1. If contacts are Cα pairs under 8 angstrom and at least 6 residues apart, what is the relative contact order of the chain in percent?
2. Can you tell me which of 236, 249, 163 moves the most in a GNM of the chain? Springs connect C-alpha atoms under 10 Å apart.
3. For the range 226-249 and the range 147-184, compute the distance between their C-alpha centroids and round to whole Å.
4. Once you place label points 7 Å from the Cα toward the Cβ at residue 134 and residue 182, how far apart are they in nm?
5. To test your reading of the geometry: what angle, between 0 and 90 degrees and rounded to tens, separates the Cα axis of helix 2-22 from the longest principal axis of the chain?
6. Compute the distance in nm between two label points, each set 7 Å from the Cα along the Cα-to-Cβ direction, one at residue 76 and one at residue 172.
7. Starting with the fewest neighbours, write out 14, 264 ranked by other beta-carbon atoms found within 10 Å of each beta-carbon.
8. Largest first and to the nearest Å, give the Cα extent of the chain along each principal axis.
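None of the figures in this text is laboratory data; all of them are computed from the coordinates on show. Given the structure is predicted, the values throughout are model-derived calculations rather than measurements. Quick reminder, even Gly has a Cβ in these numbers, built from the backbone with ideal geometry, and neighbours come from all protein chains shown.
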């Protein structure tokens, strides 16, 4: 699957990123999201595979979405489950600020957890700390363990947390323990990938964020040997009922392999606006340039792909 699909799936995130980038800075996050969804859907429906969306974004805020259960592809070829966020960090796109991406993960059928669009409490670390930290430990205890395995002082650690009232107590606990907190307005998916990439400057992601992003993060970390520990966080009985109907348990701690257990997993992400690991889309006369991360569990290769897309060969004005 890696050889036949990885490059095509990376093209799907690229076309979605370019569509979203055209709408960047216009102040309308739903318009940007909708453009990304349309571009990604149109492209994927030309690919020879039998795809089905198991993670889709947008139920919670009624945004445009690739919906759970939607069929993608020509119907010919492998049965593939897709977890997708056609535009992660829509507010950043609308305001043309940093860290917006398009992202998807793919696996053989049954390889990705079919999670509803509710919240999830997450602890995400790199491979050194996998199975050493525990989501039920206090922030201070987890930070002490993390500092020991990374051979650092606690004050050297940077923890990414979504800036939400529900995470305020956690932030206080992290700071009291002596670590630094990077509060982010939106988009905890890619920081979760960054914890497993040396030099990215992120040592852990903690706190309550969206469950779909948690599954996609788990898929990426399967390629990098990092770890997600998570517990679903339904806000009410209706969300808990939906979670249980989809096979989830609100009391269980889910780890990486339970959220993304497929043997063959592909992860692709393309920058829309500039971030810590990926550059945003850059348009030029007659074309555009994209920056994409592609990983898989089969070849254990991590590729950062810089692609030039030529729209008009008679008008190309390419510059480095």
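1. Working: 802 pairs, mean separation 62.0, N = 320.
Answer for the chain is 19 percent.
2. 236
3. 25
4. 2.9
5. For 2-22 against the chain, the angle is about 80 degrees.
6. It is 6.1 nm.
7. Details: 14 25, 264 17.
Ascending Cβ contact count within 10 Å gives the list 264, 14.
8. 60, 43, 39
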